1. Find all pairs meeting these conditions: Cβ atoms under 7 angstrom apart; at least six residues apart or on different chains; first residue within segment 73-98 and free of Cβ contacts under 8 Å to residues at least 40 places away in the same chain; second residue of a type in the set (Asp, Glu) and surrounded by 21 or more Cβ atoms within 10 Å (Cβ to Cβ).
2. So which residues in segment 46-78 are loosely packed, with under 12 Cβ neighbours inside 10 Å, within 18 Å of the chain's Cα centre (by Cα) and in a helix (DSSP H, G or I)?
3. Just to verify a result, which residue in segment 79-98, among those that are among the hydroxyl-bearing types (Ser, Thr, Tyr) and crowded, with 18+ Cβ neighbours inside 10 Å, is modelled with the highest pLDDT?
4. Residues that are among the polar types (S, T, N, Q): list the strands (runs of 3 or more DSSP E) wholly contained in segment 100-175 that include at least 1 such residues.
5. If we scan segment 123-139, do we find a residue that is among the aliphatic types (A, V, I, L, M) and surrounded by 21 or more Cβ atoms within 10 Å (Cβ to Cβ)?
6. Residue by residue through segment 90-112, note down the ones that are over 14 Å from ALA144 (Cα atoms) and of a type in the set (A, V, I, L, M).
7. Determine, yes or no, whether VAL101 is under 27 Å from VAL45 (Cβ atoms), surrounded by 15 or more Cβ atoms within 10 Å (Cβ to Cβ) and touching an Asp or Glu at 6+ places or on another chain (Cβ under 7 Å).
8. Just give me the residues in segment 130-175 being in contact (Cβ under 8 Å) with a residue 60 or more places away in the chain and of a type in the set (Phe, Trp, Tyr), in sequence order.
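The values are calculated or read from the model by the stated rules, or taken from the named source; none is laboratory data. Keep in mind that what you see is a predicted model, and the values were worked out from it rather than measured. FYI the Cβ positions are ideal-geometry reconstructions off the backbone, even for glycines, and counts take in every protein chain you see.
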Amino acid sequence: MKKKILFAIAAILIAFVFGGCNKNTEENGEINPNEFSYDMLELSVVADEIYKDLDVSELTAKSVEKISDETFISEQLYIDLNNVISYDIRCTEGKYGVCDVAIIRVKKGKTAEVINSLENRKDDRINEFRSYDVYDSYNIAMNADIYDQGELVIMLMLSEEDKAKAKEIIDYYIP
């Protein structure tokens, strides 16, 4: 009987000691960079977080669409999906302002091509808002950020304040 009690106490102590070594990332609010994997990254979760607190008009927010149509992606965003592993792309219609975000995981060696494609999209949006500048869309398009971070190419066509918030969110998810 004494051995069983000692064994139970030892098991409990081991559980406490080793249980605290691998804390859940949600418990402490941080992502462990050693456990990060692009395969586990859900781009839609990152995009959802970005859009959750944007400072845009209600009409602009309602006009945001998640883009999944491959023809639209190819013809309007100029992206060859053969260069892409996964993506979450959201665009506004345009007549109510702009708050476009693209988070694209690219295949190795295809970063420059995807960045170039998004630069072409940016130019299209600049031209679109040159004569129809609603909610400062022309400046937002002009100052859109397109950059790579790890395996991702990111486009943030947002106000300066919203871009700053979005970058914090992206940095949180991609250590």
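1. If the second residue must be of a type in the set (Asp, Glu) and surrounded by 21 or more Cβ atoms within 10 Å (Cβ to Cβ), the pairs left are CYS91/ASP100; THR92/ASP100.
2. LYS52, the sole residue that qualifies.
3. Checked segment 79-98; the qualifying residue modelled with the highest pLDDT is TYR87.
4. In segment 100-175, the matching strands (runs of 3 or more DSSP E) lie at 145-149.
5. No, there is no match, as no residue in segment 123-139 is among the aliphatic types (A, V, I, L, M) and surrounded by 21 or more Cβ atoms within 10 Å (Cβ to Cβ).
6. The answer is ILE104, VAL106, ALA112.
7. no
8. Of everything in segment 130-175, those that are in contact (Cβ under 8 Å) with a residue 60 or more places away in the chain and of a type in the set (Phe, Trp, Tyr) turn out to be TYR135, TYR172, TYR173.
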